[in-house]
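Everything on this sheet refers to the single structure shown next.
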Amino acid sequence: DAMARPGSVQRIRPAAGMPTPMMYGTAAIALTLFDHDTPVWLDSAMSATPDVARWLKFHTSAPVIADPSASSFAVIGDAQNLPPFDRFAFGSNEYPDRSTTLILQVHSLASGPAFELTGPGIDGAAVLQATIPANLLEQLEINATLFPRGIDAVLVHDDAIVAIPRTTRLAAQGV
């Protein structure tokens, strides 16, 4: 439902036994989407704890890799230090599905600045209040020019997730 209804906050049933600093939503996404064919890159906040990579390998068989440009998924534990999108895979015009999906753990999906989302799957516009990285809006604007290639993002806070596919436009509300 999160990808089908961008901007809507979806709750995920918490999974037990995931390592710190992984949030429930991140663990549930990993258990659902990662497998032996999906290389995963971890930012410094996630890779600082070896238990995260071990947990992912044990539960999903996903290879944890050092090169973000070769990753199917990137798990970002410190969203405020989000790397530039050009470090990740954008896919190609022939294979846009070979891009990286970012999973960004954020401080809130219920408070903070308001953003308006438009695009497929959204009736008119949706409003999201979230604490997102300062550079995310700019990177998403550049990302939009690459369509059909581009990065998809999923924001996570605790057991809540919000999808922002590459077809969704995000703007600060009131701008």
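Of all residues in segment 23-66, those being under 18 Å from residue 97 (Cβ atoms) and either among the acidic types (Asp, Glu) or in contact with a Cys (Cβ under 6 Å, 6 or more places away or on another chain) (or both) number 2.
Within the option set 132, 151, being at pLDDT below 95 and within 22 Å of residue 26 (Cα to Cα) holds for one residue only, 132.
For segment 1-30, name all the residues that are open to solvent by 80 Å² or more (accessible area, probe 1.4 Å) and over 12 Å from residue 157 (Cα atoms). Hits for segment 1-30 are 1, 3, 5, 13, 16, 20. Of all residues in segment 84-123, those being under 21 Å from residue 67 (Cβ atoms) and not polar (S, T, N, Q) number 15.
Inside segment 117-148, residues that are in contact (Cβ under 8 Å) with a residue 40 or more places away in the chain, open to solvent by 30 Å² or more (accessible area, probe 1.4 Å) and assigned to a strand (DSSP E or B) make up a count of 2.
When only residues in segment 106-116 that are in contact with a Ser or Thr (Cβ under 6 Å, 6 or more places away or on another chain) and modelled with pLDDT of 95 or more count, which is surrounded by the fewest Cβ atoms within 10 Å (Cβ to Cβ)? Looking at the filtered set, the residue picked out is 107.
In segment 68-87, the count of residues that are of a type in the set (Asp, Glu) and surrounded by 15 or more Cβ atoms within 10 Å (Cβ to Cβ) is one or more.
Taking the conditions (1) touching a helix residue (DSSP H, G or I) at 6+ places or on another chain (Cβ under 7 Å); (2) more than 27 Å from residue 122 (Cβ to Cβ); (3) open to solvent by less than 40 Å² (accessible area, probe 1.4 Å) in turn, residue 55 satisfies each one other than (1).
Across segment 149-162, the qualifying residues are those that are in a strand (DSSP E or B), touching a helix residue (DSSP H, G or I) at 6+ places or on another chain (Cβ under 9 Å) and among the β-branched types (Val, Ile, Thr), and the one among them that is farthest from residue 7 (Cα to Cα) is 156.
The values are calculated or read from the model by the stated rules, or taken from the named source; none is laboratory data. The model shown is predicted, which means the values in this text are computed figures rather than measured ones. For neighbour counting, all protein chains shown are included, and Cβ atoms are generated from backbone atoms with ideal geometry for every residue, glycine included. Each accessible area value is taken on the protein alone, full model and side chains, heavy atoms only, with ligands, DNA and RNA left out. Shrake-Rupley method; radii C 1.70, N 1.55, O 1.52, S 1.80 Å.
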